[in-house]
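Working notes, structure below.
The values are calculated or read from the model by the stated rules, or taken from the named source; none is laboratory data. None of the values given here were measured: they were computed from a predicted structure. Heads up, the Cβs are rebuilt from the backbone with ideal geometry, glycines too, and the neighbour counts pull from every protein chain shown. To get the accessible areas, we keep the full protein, side chains included, count just its heavy atoms, and leave off ligands, DNA and RNA. Shrake-Rupley method; radii C 1.70, N 1.55, O 1.52, S 1.80 Å.
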Amino acid sequence: RRKSRAGRSLENHVGALLRDAGIPHVVRADIQGRPDIVVPSVEAYRDPGFPESRLFVIAVKTTCRDRWRQVLEEGPRVNRRYLVTTQRGMSIEQMNLMHAAGIVLVVPKSVLSEYPASRKLEVLSLAQFLVLLASAV
């Protein structure tokens, strides 16, 4: 229960960041796999004419462990999903698996330096991610 509350709290914080940045989004969207956040809307996700490059499926997890695989079932219309986490660091092997599955990690700037440096693995700070979202919507 405590972990569930922590996860919901992080989800609310990410939602507040999106709201403050003026980025349209839906929390706990009622689509395939029930992703935590969809940008810009459920209607856009369901519209086959809406470009995938402007559609974002975002999972929010305090820690990843093996639970990151759940993200693969969320919003299957998109090939690239984003996973926002506050986890402090991760093994290069796990990051390689996530990268191969089309998952991009998004972490607070304060923990970004705790992730292995690799040219082929994309890890974004929350600030970089907000800029990416704002430019797409």
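Given the structure, is R77 closer than 16 Å to H13 by Cα, surrounded by fewer than 20 Cβ atoms within 10 Å (Cβ to Cβ) and among the charged types (D, E, K, R)? Spell out the reasoning first.
On the way: closer than 16 Å to H13 by Cα: no; surrounded by fewer than 20 Cβ atoms within 10 Å (Cβ to Cβ): yes; among the charged types (D, E, K, R): yes.
No, not satisfied.
Exactly one of these conditions fails for K109: (1) in contact with a helix residue (DSSP H, G or I) (Cβ under 7 Å, 6 or more places away or on another chain); (2) in contact (Cβ under 8 Å) with a residue 24 or more places away in the chain; (3) surrounded by fewer than 20 Cβ atoms within 10 Å (Cβ to Cβ); (4) not aromatic (F, W, Y). Give me its number.
(2)
Being hydroxyl-bearing (S, T, Y) and in contact with a strand residue (DSSP E or B) (Cβ under 7 Å, 6 or more places away or on another chain) narrows it down to one residue among S125, S110; which is it?
Numbers: S110 fails: in contact with a strand residue (DSSP E or B) (Cβ under 7 Å, 6 or more places away or on another chain).
Going through S125, S110 in turn, the sole match is S125.
Of all residues in region 18-47 being over 13 Å from the mean Cα position of the chain (by Cα) and under 12 Å from L130 (Cβ atoms), which is most open to solvent (accessible area, probe 1.4 Å)?
R19
Within region 24-47, which residues are assigned to a loop (DSSP other than H, G, I, E, B) and either of a type outside the set (K, R) or touching a strand residue (DSSP E or B) at 6+ places or on another chain (Cβ under 6 Å) (or both)?
Once the filter is applied, which keeps residues that are assigned to a loop (DSSP other than H, G, I, E, B) and either of a type outside the set (K, R) or touching a strand residue (DSSP E or B) at 6+ places or on another chain (Cβ under 6 Å) (or both), region 24-47 yields P24, H25, A29, D30, I31, Q32, G33, P35, D36, P40, S41, D47.
Which number in (1) in contact with a helix residue (DSSP H, G or I) (Cβ under 7 Å, 6 or more places away or on another chain); (2) open to solvent by 10 Å² or more (accessible area, probe 1.4 Å); (3) not in a loop (DSSP other than H, G, I, E, B) marks the one condition that F50 misses?
(3)
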